[in-house]
Amino acid sequence: MNARHQATGSAYFIAKETERPETHTLSVVVDNEPGVLARVIGLFSGRGYNIESLTVSETEHEKHISRITIVTRGTPHVLEQIKAQLERIVPVHRVVDLTVVAHELGHEKPLERELALVKVAGSGEHRVEALRLADAFKATVIDANIEHFIFEVRGRTSTIEQFIAIMAPLGLVEVCRTGVAAMTRGPEGM
Amino acid sequence: MNANAKAGEQREMTGAEMVIQALKDNGVEHIFGYPGGAVLPIYDEIFQQDDVRHILVRHEQGAGHAAEGYARSTGKPGVMLVTSGPGATNAVTPLQDALMDSIPLVCITGQVPTTLIGSDAFQECDTVGITRPCTKHNWLVKDVNDLARVLHEAFRVATTGRPGPVVVDIPKDVQFATGIYQSPEVAEMRLSYQPKLSGDEQMIEAAVEMLASAKRPIIYSGGGVVNSGPEASRLLRELVDLTGFPITSTLMGLGSYPASGENWLGMLGMHGTYEANMAMHDCDVMINIGARFDDRITGRIDKFAPNARKIHIDIDPSSINKVIHVDIGIIGDVARVLEDMVRIWRASSGAGDKAALDSWWAQISKWRARNSLAYSPNKDVIMPQYAIQRLYEASQRAGKETFITTEVGQHQMWAAQFFGFEEPNHWMTSGGLGTMGYGLPAALGVQIAHPDALVVDIAGDASVLMTIQEMSAAVQHNAPIKIFILNNQYMGMVRQWQQLLHGNRLSNSYTEALPDFVKLAEAYGCVGMRAEKPDELDDAIDAMIASDKPVIFDCRVANLANCFPMIPSGKAHNEMLLPDEATDEAVANAIDAEGKALV
């Protein structure tokens, strides 16, 4: 009965964690006002939760509503706490665990996409190879001269990771990533 | 100024005027504060009106705890007003205190003018940044036209749902600026904040069914019952009477069920009674009403009520399953949920297993007979427990409505164990944060709200020195608070832990140079008293209560008394250290290596 405890937080009586950690994607709908992002990420650092990816932008301009997408990792018990703690924040309208929703709909994961800008510099064979691989990944060249390319690549997190890994030996200079944008499949809104 | 703005009206006024108007419109009669450069326009408005009375403290921390005491004893929000920079940072301790004990506290801070924010101006600090994790919500108001709405929202957030502290940070130029004031009725309400008050009916039915099936039930109530209001305490008593179940309470919940009540087991937890903790450990159904499974309550989590099915009522969804997994979690206001629960219990005729309950009570009687609060009386030296018993008897003799506040430490636990609380809102203590220095200013706040009542701060000699300066405020405002110091010249609880954990090496827990508290009282212009022998105690306490002035009472108690019973760190409820077993050797070996890492 009492085998479930937080792995994090202020427990003085730390018991062994028996649940396995899972990666979940949360969508947090908030009033877009000063300090709201600080409240959300302050909660994660203050209570010792993980953030693997964070994406935020205003999505409904008239209502000043922003949507924050957070990829986090924790045991089911910690994930339940994260959701409950986020919902306590006054400007938070609602929190949806997209991973749970996806599971309910029979999918493994929600739809997730990232965009990355990847700068690669080099010459000769490396340069040709970089361009060929970029083509295979459907990456676009958005800037180039005779010494470098900047690729724009889109896809799942795993695709982006793979692309960056491949570019590493071919003269990778710099990477910038947007973080994950996510949505559940199907016609229903969140 | 526009003192007569009617409900629903919109009027033009300055930001500083709006602050006073919003206080009035939210029913505020008293505020606790300390002036400074960035709040001078608001203080100028305070000067020009009589509706809101300002209580000048001597340190901003004192204002915060006084407002907490005011709030806890009235059920209304406490309000504090402080300046920017150090004024705001000094408010941090009471804000966190109020957050952990769910006290409605509205803190208004001044800020440097908007044009100077971010320039490291004189007395500038990032108030909303600093107070973000220690408030339920906070606001920096940059436009005077937002000010009224924000202030009304601040009161709403502080007092509804799970109550808590809020900060409204107002730059000085916004206080001077003129804008439109909206009354609470017309001000826009925030959609994202909608606390859930009614519990799920099906869950409540399932809970009643579970309670009815119990053979060894226990009710464990907490501060949420007090916060929910007097109706919640009334319904709690009704539930206990209906079911015949035993009831225990956390430190924060004392008084919701009367200490003289038949089914009362005393407080539970680290320094709770043997019968309460044993009953918690052995129960088969537990209902937690407005408490949060704090670590001082649960002891070792994996041995907490190992055979019990558990029900938890809490207004804060994040409290459910945070520490202890429960079988039924009911999210809602205690009074509303209990109302449904009592109704459903009444409707289910013959609910409860009477025979099983009788044998459960027989078992509890055996634990009770263990007399876990026993101590050895002494003819020559005042035992601290004895002093509190005599104080309780004297307050009964005096027949006055009595409010008790405490500081933090051994005296706090003895007060909880030995002072009988019959009503909610009459016991003010820093439970979650454990703030030494809470009790004296809290007593000031209580006395301001209840000028004719007896308000006693049961204090320790160490804690009381942390906010002793507020005696000056008590004298100024004719608040006849009684500071009853159990003076053992030690930080008693620190010393007790050093004896338990650190081989009796009493590192820095002895106070070498305490002030003469009687002379100190006289220096502040209040009454100083001292008792050193048990036979002097009753007369001295009666004289203290009879005084119409603030009193500092230096009660010299046994220096080395320790607080028992006790659940040592890392131990379960059924592994208590009882007073008659607490030999030096038992104390030294009570906590094993694993427990030593835990506080």
Net charge over other residues, Cβ less than 10 angstrom from the Cβ of B:SER213 (K, R count +1; D, E count -1): -1
Could you run the Debye sum over the Cα atoms of the stretch B:384-556, one equal point scatterer each and no solvent, and tell me log10 of I(q)/I(0) at q = 0.12, 0.14, 0.18 Å⁻¹, two decimals? -0.49, -0.67, -1.13
Could you work out the Rg to Rh ratio of chain A, with Rh taken as the Kirkwood radius (inverse of the mean 1/r over all Cα pairs)? 1.06
Taking only the alpha carbons of the protein assembly as shown, what extent do you get along each of the three principal axes, in Å, biggest first? 100, 67, 59
Per-selection metrics, the stretch A:22-104 (Cα): Rg and Dmax in Å: 12.1, 37
In a shell of Cβ-Cβ distance under 13 Å around B:PRO86, excluding B:PRO86 itself, what net charge do Lys and Arg (+1) and Asp and Glu (-1) give? -2
In deg cm²/dmol, rounded to 500, what helix-only [θ] at 222 nm does chain A give when every DSSP H run of at least 4 residues adds -39500 (n - 2.57) and the total is split over its residues? -8500 deg cm²/dmol
note: chain B, Cα-Cα separations exceeding 34 Å make up a percent value of 44
Mean Cα-pair separation over length for chain B, i.e. relative contact order, pairs under 8 Å, 6 or more apart, %: 14
In degrees rounded to 10, the 0-90 angle between helix B:439-449 Cα long axis and the longest Cα principal axis of chain B is 60
With equal scatterers on the alpha carbons only and no solvent term, can you work out the Debye log10 of I(q)/I(0) for the stretch A:111-183 at 0.16, 0.17, 0.20, 0.25 1/Å? -0.49, -0.54, -0.74, -1.11
B:GLU532 to B:ARG397: FRET efficiency via 1/(1 + (r/R0)^6), r the Cβ-Cβ distance, R0 30 Å, to the nearest 0.05? 0.85
Mean-position separation - Cα centroids, the stretch A:73-105 and the stretch B:427-471, in angstrom: 40
Can you work out the FRET efficiency for the pair B:GLN123 and A:VAL141, with r the C-beta to C-beta distance and R0 = 51 Å, to the nearest 0.05? 0.40
Per residue, the convex hull enclosing the Cα atoms of the stretch B:201-369 spans a volume in Å³ of 96
Return, ordered by residue number, the residues of the stretch B:533-565 whose backbone nitrogen is under 20 Å from a label point located 7 Å along Cα→Cβ of B:LYS379. B:533-539, B:557-559
Please give the average number of partner chain Cβ atoms lying within 10 Å of the Cβ of each residue in A:83-93, rounded to a whole number. 5
Apply 1/(1 + (r/R0)^6) to the Cβ-Cβ distance of B:ASP548 and B:SER349, taking R0 = 51 Å, and write down the FRET efficiency to the nearest 0.05. 0.35
Work out how far the C-alpha atoms of the stretch B:7-134 reach from end to end along every principal axis, then list the three figures in whole Å, largest first. 39, 38, 27
Determine the sum of side-chain charges near B:LEU440: Lys and Arg each +1, Asp and Glu each -1, restricted to other residues whose C-beta is under 9 angstrom from that of B:LEU440. -3
Along each of the three principal axes of the Cα atoms of the stretch B:169-262, give the extent in whole Å, ordering the values from largest to smallest. 65, 33, 19
Computed over the Cα atoms of the stretch B:313-453, what is the convex hull's projected area averaged over all directions, in nm²? 13.3
What ranking, highest mean first, results for peptides B:560-572, B:232-244 when packing means the other Cβ atoms within 10 Å averaged over each residue? B:560-572, B:232-244
Which order results if B:VAL518, B:VAL334 are arranged by neighbouring Cβ count within 10 Å, fewest first? B:VAL518, B:VAL334
Rounded tilt (10° steps) of B:492-501 against the dominant C-alpha axis of chain B: 50
Over the Cα atoms of the stretch B:68-126, each weighted equally, I'd like the Debye log10 I(q)/I(0) at q = 0.17, 0.21 Å⁻¹, rounded to two decimals. -0.60, -0.78
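Taken together, the values in this text are just the output of simple stated rules run on the coordinates, not laboratory data. These numbers were taken from a predicted model, which means no experiment stands behind them. All Cβ positions, even for glycine, are placed from backbone atoms using ideal geometry, and neighbour counts span all protein chains on display.
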